[in-house]
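Right, one structure below, let's go through it.
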Amino acid sequence: MASNFAIRLAAHHVRQGDVIAYPTDTVYGLGCDPLNTAALVYLNSLKNRPPGKGLILLASSIDQLADYIELHDTDSRKRLSAEPSPTSWIVPANKHLPDVLTGGADTVAVRITQSTVVRTLCEHLGHPLVSSSANPGGRPPALNSLQLHRWFHGRIASILIDDGAGTGKPSTLKHIHTQHIYRE
């Protein structure tokens, strides 16, 4: 697992506007500060990803999402952290979020992470972290640090390593109000 020092250093890089890679509760992810438009654009360019697709926010708790989402009913708020398996939720977005984060939609995808590394990273940051699978366009998500280094070495500021983590497949993606499943 990534050391506390490595996690603090990665948080420093995120605060500086850099993109990092890290193990999530599903696959390795690329991430940055969700309000730093230049970092979001760079993340998309690393992946050859069209800017019209929204990104996911990972947080250590629902409280970290307060400034990013407009979700006030108690049942929906409980649902965000009640799923036993990694589930990302499409929720109403706060109006101030950059379009490159939301894909221009009035919603944003969020997940309360089960990953110790990401929880610790978000706690050091004091806010959520953007997450997109760590892979160039058309390739499967990175499942180990060797793939990360092959694809992103020298192009991102930090790589946190925990090759034993994650489910190996993307999270389930559901709409918070309709329960519609977009990805399973």
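Summarising the label geometry, the points placed 7 Å from Cα in the beta-carbon direction at Thr167 and Glu184 lie 1.2 nm from one another.
Placing a pseudo-label 7 Å from each Cα along the Cα-to-Cβ vector at Glu123 and Gln16 gives an inter-label distance of 2.4 nm. For region 1-102, trypsin sites (Lys or Arg not before Pro) meeting the loop criterion (DSSP other than H, G, I, E, B) and having at most 11 other Cβ atoms within 10 Å: Lys95. The length gained on full extension between Ser3 and Ser81, counted as 0.36 nm times the residue separation minus their Cα-Cα distance, comes to 25.5 nm. Among all the lysines, which ones have a C-alpha under 20 Å from Lys95's C-alpha, if same-chain residues fewer than 8 places away are not counted? List returned: Lys53. Rounded, prolate or oblate for region 4-183? Axes are the square roots of the Cα gyration tensor eigenvalues, ordered a ≥ b ≥ c, and the cut-off for rounded is a/c under 1.5. Since a/c stays below 1.5, the shape of region 4-183 is classed as rounded.
Neighbours of Arg8 by Cβ distance under 11 Å: Lys/Arg scored +1, Asp/Glu scored -1, total 0.
Once the Cα-Cα distance is subtracted from the 0.36 nm per residue extended length, the His175 to Asp73 segment shows a gain of 35.3 nm. DSSP loop (so not H, G, I, E, B), at most 15 other Cβ within 10 Å: list which trypsin sites (Lys or Arg not before Pro) in region 141-184 pass both filters. Sparse-neighbourhood loop trypsin sites (Lys or Arg not before Pro): Arg155.
For the pair Ala157 and Asn48 in one chain, pulling the backbone fully straight at 0.36 nm per residue adds 37.4 nm over the alpha carbon distance.
Starting from the Cα of Ala66, step 7 Å toward the Cβ, then list every residue of region 86-121 with an amide N under 12 Å from that point. Residues passing the 12 Å test: none.
No value in this document is a laboratory result; all are computed from the given coordinates. It should be emphasised that the depicted structure is a prediction, and the values quoted were computed from it without experimental measurement. Reconstructed Cβ throughout: ideal geometry from the backbone, glycine too, with neighbour counts over all protein chains shown.
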